[in-house]
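The values are calculated or read from the model by the stated rules, or taken from the named source; none is laboratory data. Being a predicted model, the structure only gives us computed values, none of them experimental. Counting neighbours? That spans all protein chains shown, and the Cβs are built from the backbone with ideal geometry, glycine included. Heavy atoms of the whole protein, side chains included, go into the accessibility calculation; ligands, DNA and RNA do not. Shrake-Rupley method; radii C 1.70, N 1.55, O 1.52, S 1.80 Å.
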Amino acid sequence: MKYCIGEFSTILGITKDTLRLYEKHQIVEPAKDDHNSYRYYNDLDARNLLMSRWYRSMGIPLPEVAELMKHASVERVNHEIARSREQLEEEIRRKTMLLDKMNQIEQEIGALDAELFQCRIKQRPGWYRLKQTVNNRLLKNERMNRLVNQWMDCLPFAFFSFRIEEEELLTDSLKNWKHSWGLTLTEEDVQKLGIEIGDQVEYIPPTQCLSAVIVKSQSSPITKETLGFMFEELTSLGYQVTGDIVGRIIMNEQERGKKRSYLEVNISI
């Protein structure tokens, strides 16, 4: 039996545009009336279309579906289904990681008020980091730019961190500490995301540290005075600074014209 495109699309529950797309890939090949150039589909076209939609429902790309409609051995069909399943499993793994990360971020932001200016001893994990600034001035580096583009695709697992090196802490200056900012990933996330580490990447090894969350104006620097309460806590606990100060932006807040940053600060001990 012959069907015009409108009737055929209605019977099968698909759009005319979809039919035209499948025709473009030669999955269906309607007969053309030489008198009016209308295209007519038959019952076999319906069977082919439904089978191709079955393949597509499992995420097999349309070009591969078109090939399967021409050469669909048992082995090839099973291979394409297995390949699509593996891609889906990887997508689910990534989405599950993202969901876990979003839950972590939500809990962290929800606890900000309770955590502000409260010191605690913790083990900071190892970080991989792209040094992108000297103080707040961006560095120009073409090789680094390519890595930055790749790492930006890792958000929200990638975060922005600062680093104040130990030598700077020994100056006893009340002036602004020299520091740097850069995109950062934890060791664990680098492994989970399959990120390749090149010679442009800094490694900040894991360490025990005194950690606290602070809030400050985005325009104000981090100084010894800013972290005075943390140094007092170090003294009271009998610890000494044994390495760099590193930290990260948890979130930025803008309210009533004021811009503030919530930072996690980690002092190596």
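Things to note:
- Residue count, the range 123-137 (criterion: out of contact with any Lys or Arg (no Cβ under 8 Å at 6 or more places or on another chain) and surrounded by 13 or more Cβ atoms within 10 Å (Cβ to Cβ)): 8
- Residue count for the range 203-230, restricted to those that are in contact (Cβ under 8 Å) with a residue 24 or more places away in the chain and under 15 Å from ASN266 (Cβ atoms): 15
Every residue, every condition in (1) more than 30 Å from LEU193 (Cα to Cα); (2) of a type in the set (A, V, I, L, M, F, W, C); (3) in contact (Cβ under 8 Å) with a residue 60 or more places away in the chain, yes or no:
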{"site": "ILE5", "(1), (2), (3)": "yes, yes, no"}
{"site": "ASP17", "(1), (2), (3)": "yes, no, no"}
{"site": "GLN26", "(1), (2), (3)": "yes, no, no"}
{"site": "TYR38", "(1), (2), (3)": "yes, no, no"}
{"site": "ALA46", "(1), (2), (3)": "yes, yes, no"}
{"site": "LEU62", "(1), (2), (3)": "no, yes, no"}
{"site": "LEU68", "(1), (2), (3)": "yes, yes, no"}
{"site": "GLU75", "(1), (2), (3)": "yes, no, no"}
{"site": "ILE92", "(1), (2), (3)": "no, yes, no"}
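- Matching residues, the range 107-122, being within 19 Å of THR207 (Cβ to Cβ), open to solvent by less than 70 Å² (accessible area, probe 1.4 Å) and among the charged types (D, E, K, R): LYS122
- Selection of first residues in the range 136-151 that are farther than 16 Å from GLU202 by Cα and of second residues that are not basic (Lys, Arg), restricted to Cβ pairs under 7 Å at least 6 apart or on distinct chains, gives the following pairs, ordered by first then second residue: LEU138/GLN132.
- The test for being under 28 Å from GLY243 (Cα atoms) and either modelled with pLDDT under 95 or under 23 Å from the mean Cα position of the chain (by Cα) (or both) does not hold for PHE117.
- Residue selection: LEU227 satisfies the criterion of being surrounded by 12 or more Cβ atoms within 10 Å (Cβ to Cβ), among the hydrophobic types (A, V, I, L, M, F, W, C) and at pLDDT 90 or above.
- Condition check for SER236: open to solvent by less than 60 Å² (accessible area, probe 1.4 Å) and of a type in the set (Gly, Ala, Ser): no
- Condition met for MET1 (over 23 Å from GLU91 (Cβ atoms) and without any contact (Cβ under 8 Å) to a residue 60 or more places away in the chain): yes
- Test for ILE105: is it over 30 Å from SER261 (Cα atoms) and touching a residue at least 24 places away in the same chain (Cβ under 8 Å): no
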